[in-house]
Each structure stands twice: as C-alpha cells, then as structure tokens.
C-alpha cells in the first residue's frame with residue numbers, strides 16, 4: 001500500500017475519466033452512474049482506462065465480482081483514473097465522486113490504475129459502502145498480478161474503516177486507513 005502511495009506522489013498526477021458511462025474501444029471509460037455494476041464486473045466491463053492497452057483487468061475483475069454484486073442497482077460508478085492523466089479536470093471529477101461517496105457513505109465503485117517505477121501496471125478498486133455499525137467502510141483491492149518486481153502476487157483485498165480523500169487539487173490524496181487484510 002505504501003509503495004502505491006509513493007508511486008502516486010512520485011508521478012504527481014491522477015488520470016482521466018469523463019462524465020458519461022460509456023466505454024469506448026480505446027480502453028478509456030468515463031464516469032457516471034451504472035445501473036448494474038455487478039454485471040459489469042462479471043462481464044469484464046469495469047473501467048479499464050488504460051490508454052496504452054497494457055493492463056489486463058481480468059484478475060481484478062474476478063476478485064472484485066464478489067463486492068460488485070453486493071452493490072445495489074443505484075450504486076454510483078465513479079469511473080477510472082489512470083496516471084498520468086490526459087484530462088486533469090475529468091480525473092478530478094472522478095476522484096471527487098469517490099470522495100463524495102465516502103463523505104455521504106453511499107455505495108460506489110472507483111478504479112485507479114498506475115504504473116510502478118519499472119513500468120508495470122498496478123490497479124486498485126475501491127468499493128464504498130455502509131456497514132452494520134452505521135458507519136462507512138472501504139473494500140480496497142490491489143491487483144499486483146502484473147508487477148514483475150513487487151514481490152506480491154495476485155490481488156490483495158483489505159477492509160478499511162477510514163479513507164483520506166481529497167480531490168481538490170493534483171496530485172489527489174486517496175489513502176485507505178485502518179485497514180485489515182481479507183485474504
């Protein structure tokens with residue numbers, strides 16, 4: 001998790017998404033509301049937003065399916081952000097969607113893709129949802145499967161009781177806190 005944060009700080013950017021829920025053939029996905037996020041995961045249509053076509057979302061989509069299917073139909077799909085952004089304004093809009101979902105403790109999904117210093121893609125999924133204690137929680141999945149040098153294999157899953165989230169400027173702050181591994 002700290003390596004991921006370091007990559008964000010080193011690169012100093014977040015990447016783009018947009019304002020509709022359409023997926024185009026270039027691999028970018030715009031943000032918006034998804035009527036059925038769970039079906040998107042199973043059909044591997046969760047946002048990829050990799051403009052280079054390097055990141056393969058299959059492992060993350062499989063791991064995320066359990067959490068996506070637990071979202072209600074009116075859950076918000078905040079989209080996907082890739083470093084570096086092609087459009088800072090759109091990236092900040094998607095990030096703000098995540099921060100707003102956390103602040104209101106409403107169901108939402110967000111995907112973030114970046115590269116390690118060596119150039120390998122790493123992706124993170126965030127599922128925001130209310131919990132049984134009348135609070136809010138984040139299920140945070142990180143796909144390490146394509147990181148040849150990280151020493152972690154597969155997809156790690158954490159339950160987090162806090163999220164530091166500030167999308168008011170670049171670089172944004174997205175830092176899950178009070179986390180415990182689920183796998």
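Each reported figure results from applying straightforward, stated rules to the coordinates on display, with no laboratory input. All values derive from a computational prediction rather than experimental measurement.
For the pair residue 168 and residue 117 in one chain, pulling the backbone fully straight at 0.36 nm per residue adds 15.8 nm over the alpha carbon distance. Taking the radius of gyration and the Kirkwood hydrodynamic radius from Cα positions alone, what is the Rg/Rh ratio for segment 128-177, to two decimal places? Rg/Rh: 1.08.
When the Cα gyration tensor is reduced to axis lengths a ≥ b ≥ c, the ratio a/c is 1.5 or higher for segment 90-183, and with a/b not above b/c it is classed as oblate.
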